[in-house]
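Q: Before I ask anything, let me first share the structure, which is written out below as structure tokens.
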């Protein structure tokens, strides 16, 4: 069993820290439907943690619990050593958790830069009055936040579209802009909901590279949902597997590959 505080060393020599977030016996129901049933797992400092499973397994519901969109009927969410009370999504964002969405949620009529700037809202401290006047502290704050947004745009190699309205971008670039907006919040924990969905092979390769770079250069802890098993196994340090709302596997990619219950779930073998 992994130590709660000391973490572990990956096969490529990266040092993973202690537990950042822990899900303890989470159960989530929608009326009579049980979406998540008594699931526990943790996410550790500096790792890339994948949540996978067949369609309808409960993965997105779990990500929504982590991000505060859903409040489980049973179980506890612990973040940085403290039990998290029922929390609104904006409060979760203020705690240093940012996310992207399976269905792109950008402001289509705004430019790429302006979309990325919206990710800085949790970092802005000046009052609405001073922001409206754009003087003094508000002006300096705006300039500093714009510089950070521009650096993220450079990092994700989208300088050439920084002034382009998002509505005019192809799907793959929109996904990259959404990642940029999430990074603009300077998250300690980044949640990615199917970041490769709908992409071609070249776009997937680019996104994989950027996810690895974010983890390596920014030290950002990442939890992701993804259907492409090749991507998951290449990117992830550890993988938790869900099926019909239950956890059926948890471990390194190699351990998950060898788990017969996981194999059966993906092949559609009956659980009778």
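Q: In this structure, does residue 13 turn out to be assigned to a loop (DSSP other than H, G, I, E, B), surrounded by 15 or more Cβ atoms within 10 Å (Cβ to Cβ) and on the phi > 0 side of the Ramachandran plot?
A: Details: assigned to a loop (DSSP other than H, G, I, E, B): yes; surrounded by 15 or more Cβ atoms within 10 Å (Cβ to Cβ): no; on the phi > 0 side of the Ramachandran plot: yes.
For residue 13, the condition - assigned to a loop (DSSP other than H, G, I, E, B), surrounded by 15 or more Cβ atoms within 10 Å (Cβ to Cβ) and on the phi > 0 side of the Ramachandran plot - is not met.
Q: On to the next question. Within the range 6-22, can one find any residue that is closer than 30 Å to residue 172 by Cα and free of Cβ contacts under 8 Å to residues at least 24 places away in the same chain?
A: Taking every residue of the range 6-22 in turn, at least one turns out to be closer than 30 Å to residue 172 by Cα and free of Cβ contacts under 8 Å to residues at least 24 places away in the same chain.
Q: Report the residue count in the range 198-213 for those that are part of a loop (DSSP other than H, G, I, E, B) and surrounded by fewer than 17 Cβ atoms within 10 Å (Cβ to Cβ). Full working, then the answer.
A: Looking only at the range 198-213, we keep the residues that are part of a loop (DSSP other than H, G, I, E, B), and these are 198-200.
Subsequent filtering for residues that are surrounded by fewer than 17 Cβ atoms within 10 Å (Cβ to Cβ) retains 198, 200.
Qualifying residue count for the region: 2.
Q: Now for a separate question. Given the criteria in contact with a strand residue (DSSP E or B) (Cβ under 7 Å, 6 or more places away or on another chain) and within 24 Å of residue 151 (Cβ to Cβ), does residue 188 qualify? It would help to see each step written out before you state the result.
A: Working: in contact with a strand residue (DSSP E or B) (Cβ under 7 Å, 6 or more places away or on another chain): yes; within 24 Å of residue 151 (Cβ to Cβ): yes.
In short, yes.
Q: While we're here: Quick one: is residue 92 modelled with pLDDT of 95 or more and closer than 21 Å to residue 221 by Cα? So that I can check it myself, show each step before the final result.
A: Values: modelled with pLDDT of 95 or more: no; closer than 21 Å to residue 221 by Cα: yes.
Here the answer is no, as residue 92 does not meet what is asked.
Q: Tell me, which residue of the range 32-58 that is outside any strand (DSSP E or B) and at pLDDT below 95 is nearest to residue 217 (Cα to Cα)? Show your work before the answer.
A: Residues of the range 32-58 outside any strand (DSSP E or B): 32, 45-47, 53-58.
Narrowing the set further to residues that are at pLDDT below 95 leaves 32, 53-58.
Numbers: 32: 45, 53: 29, 54: 32, 55: 33, 56: 34, 57: 32, 58: 31 Å.
This residue is 53.
Q: Now a separate question. Please pick out the residue among 67, 82 that is touching a helix residue (DSSP H, G or I) at 6+ places or on another chain (Cβ under 9 Å) and modelled with pLDDT of 90 or more. Working first, answer last.
A: Working: 82 fails: touching a helix residue (DSSP H, G or I) at 6+ places or on another chain (Cβ under 9 Å).
Only one candidate passes the filter, namely 67.
Q: Every residue in the range 228-270 that is modelled with pLDDT under 90, in contact with a strand residue (DSSP E or B) (Cβ under 8 Å, 6 or more places away or on another chain) and part of a loop (DSSP other than H, G, I, E, B), please.
A: none
Q: While we're here: Name the residues in the range 163-187 that are outside any helix (DSSP H, G or I) and either within 10 Å of the chain's Cα centre (by Cα) or crowded, with 23+ Cβ neighbours inside 10 Å (or both), would you? Full working, then the answer.
A: Pass one, the range 163-187, residues outside any helix (DSSP H, G or I): 163-165, 169-170, 185-187.
187, the sole residue that qualifies.
Q: Scan the range 74-95 for residues that are part of a helix (DSSP H, G or I) and over 14 Å from the mean Cα position of the chain (by Cα) and jot them down. Step through it out loud before you land on a result.
A: Filtering the range 74-95 down to residues part of a helix (DSSP H, G or I) leaves 89-94.
Answer for the range 74-95, where residues must be part of a helix (DSSP H, G or I) and over 14 Å from the mean Cα position of the chain (by Cα): 90, 91, 94.
Q: For the range 78-91, state whether one or more residues are within 20 Å of residue 197 (Cβ to Cβ), in contact (Cβ under 8 Å) with a residue 40 or more places away in the chain and surrounded by 15 or more Cβ atoms within 10 Å (Cβ to Cβ).
A: Pass one, the range 78-91, residues within 20 Å of residue 197 (Cβ to Cβ): none.
Looking through the range 78-91, none of the residues is within 20 Å of residue 197 (Cβ to Cβ), in contact (Cβ under 8 Å) with a residue 40 or more places away in the chain and surrounded by 15 or more Cβ atoms within 10 Å (Cβ to Cβ).
Q: Another question, if that's okay. Out of (1) outside the structural domain of residue 226 (by TED's automatic domain parsing); (2) not in a loop (DSSP other than H, G, I, E, B), the odd one out for residue 107 is which?
A: Evaluating residue 107 over (1) outside the structural domain of residue 226 (by TED's automatic domain parsing); (2) not in a loop (DSSP other than H, G, I, E, B) leaves (2) as the failure.
Q: Something else now. (1) part of a loop (DSSP other than H, G, I, E, B); (2) in contact (Cβ under 8 Å) with a residue 40 or more places away in the chain; (3) farther than 17 Å from residue 252 by Cβ: which one isn't true of residue 98, the others all being true?
A: (1)
Q: Scanning for something over 18 Å from the mean Cα position of the chain (by Cα), modelled with pLDDT of 95 or more, crowded, with 21+ Cβ neighbours inside 10 Å and not in a loop (DSSP other than H, G, I, E, B), does the range 214-227 turn up at least one residue?
A: No, because not a single residue in the range 214-227 is over 18 Å from the mean Cα position of the chain (by Cα), modelled with pLDDT of 95 or more, crowded, with 21+ Cβ neighbours inside 10 Å and not in a loop (DSSP other than H, G, I, E, B).
The values are calculated or read from the model by the stated rules, or taken from the named source; none is laboratory data. Quantities reported herein were computed from a predicted structural model and do not represent experimental measurements. Here Cβ is always computed from backbone atoms with ideal geometry, including for glycine, and neighbour counts include all displayed protein chains.
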